[in-house]
Amino acid sequence: MPQSDDQRLVDLAARIEQDDPHFARSLSSGRPAKPREYRYTRAWWVLGIGVVLLFIGLVMPHGLLIATGLVLSGIGVQLFDPYPPRRGSRYRNSAR
């Protein structure tokens, strides 16, 4: 017996509320906000701090600062991916 469209919409709303409550509340208030996948504030901060540490490590030849700057820059760039791979799957686009 197929589900009604109303039940599907209720299920979808419940999943959105569970996944990103801020986005769901903003939709119900009539002032939509960006979903979590498109909020990059934390990624910009991590990337900026990493680049600053990398630059300081290059100006003052200090290997630990260079390594820290490279690691933080890599983490910051990784945070820009809106759809990170799910745990448990080996490939991002695996066909099932």
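Structure notes:
- Placing pseudo-labels 7 Å out from each Cα toward the beta carbon at residue 33 and residue 8 gives an inter-label distance of 2.9 nm.
- Applied to segment 57-70, the Karplus parametrisation 6.51 cos²θ - 1.76 cosθ + 1.60 on θ = phi - 60° returns per-residue 3J(HN,Hα) values of x, 7, 5, 9, x, 9, x, 5, 5, 5, 5, 5, x, 5 Hz, with x for Gly and Pro.
Throughout, read-outs are computed from the coordinates displayed, never taken from laboratory work. It should be emphasised that the depicted structure is a prediction, and the values quoted were computed from it without experimental measurement. In this analysis, Cβ positions are derived from the backbone assuming ideal geometry, glycine residues included, and neighbour counts consider all displayed protein chains.
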